[in-house]
Amino acid sequence: MTSHDVVAVARRILGTRKIGHAGTLDPMATGVLVLGVERATKLLGHLALDTKAYLATIRLGSATTTDDAEGEVLTTSDASGITEADVLAGIAPLVGDIQQRPSSVSAVKIDGKRAYARVRAGEDVELPPRPVTVHRFDVLGQRTEEEHTDIDVLVECSSGTYVRALARDLGATLGVGGHLAALRRTRVGPFGIGNAKTLATLETKPELTLGLSDAVAAAFPRRDLDHAEASTLAHGGRVPNAGIEGAYGAFDDAGKLIALVSEKTGRPVSLVMFAAAGQGADVR
């Protein structure tokens, strides 16, 4: 399923057209896809979600056109002699702040058109490297069958990092080629797979994982206002600076969400208002 397919199913189950997602998940991948429903769609453009975690299987011994199992095989090599020490040595330069060249079939835009669309139209595409951060690239297991070797890994990385590009680059470093054989996203920002619902579960019990207040509290810094400040903010007035970097959730003295706020302009400004003037946010 594509991310759009998931949104379409969720719209049917929850009975609303007002659903969006925060960052696509490749069709071959499984795992966490963050959806915003109704008023929560207003949050999607403000979510940083700057770290992600994955469980993946990298197959050494063949390179593909898409850097994953869905592409055509470009080259094959005997990878049966690759040792764990070889893998760890190959991973070392791929950890930390690195320059990564995205796959040619990625969603990166070139002159307003997705790279994968240009490839499907017959164009030769090679994207320039860009800075990403790989926080963890841990080997969980290694097994060899005939001439290929599979590596199970845990990857924690910055948003914009392509795990299939890590697979490609590891295979290239080891001289045998490599591609991504399986991928499961286990975390997007603060949203982990332990709290996620399957579509089958949602079909049986159509409920949200998190209410709006809980989602904001999980994804953004929190600021608790006293009664006067909350009333002022709800009426569009100014409240004192808090010195919080980036967007944050402003809550009233009863713990109800008032607004998503930013001090980027030098004073608190509501990015999204959730409470009617003079009322706490009735969030469910």
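The numbers here are math on the coordinates, done by the rules we state, and not lab data. Because the structure is a prediction, the values reported are computed rather than measured. Neighbour counts are summed over all protein chains in view; Cβ atoms, including those assigned to glycine, are modelled from backbone coordinates with ideal geometry.
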Dipole of the chain [Lys/Arg +1, Asp/Glu -1 at C-beta], most positive-end residue of LEU49, PHE220, ASN241: ASN241
What fraction of the DSSP beta bridges in region 155-284 is antiparallel, stated in percent and rounded to the nearest 5? 75 percent
What is the magnitude of the charge dipole of the chain about its Cα centre, with +1 placed on the Cβ of each Lys and Arg, -1 on the Cβ of each Asp and Glu, and no other charges, expressed in debye to the nearest 20? 1280 debye
Expected sort for 171-179, 12-20 on mean C-beta neighbours within 10 Å, highest first, is 171-179, 12-20
How many angstrom lie between the C-alpha centres of region 48-82 and region 204-252? 41 Å
Counting DSSP beta bridges with both partners in the chain, what percentage is antiparallel, nearest 5? 90 percent
Relative packing of peptides 180-186, 154-160, 45-51 - highest average C-beta neighbours within 10 Å first: 180-186, 154-160, 45-51
If you rank LYS52, LYS264 by fewest surrounding Cβ atoms within 10 Å, what's the result? LYS264, LYS52
Rounded if a/c is under 1.5, else prolate if a/b beats b/c, else oblate: with a ≥ b ≥ c from the C-alpha gyration tensor eigenvalues square-rooted, which is the chain? prolate
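Under the rule of -39500 (n - 2.57) per DSSP H run of 4 or more residues, summed and divided by the residues of the chain, what mean residue ellipticity at 222 nm is obtained, to the nearest 500 deg cm²/dmol?
-6000 deg cm²/dmol
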List the residues, sorted by chain then number, that are 5 or more residues from THR66 or on another chain and whose placed amide H is less than 5 Å from its amide H. GLY71, GLU72
Under a 10 Å cutoff between Cα atoms, tell me which one of GLY23, GLY236, GLY189 has the largest fluctuation in the Gaussian network model of the chain. GLY236
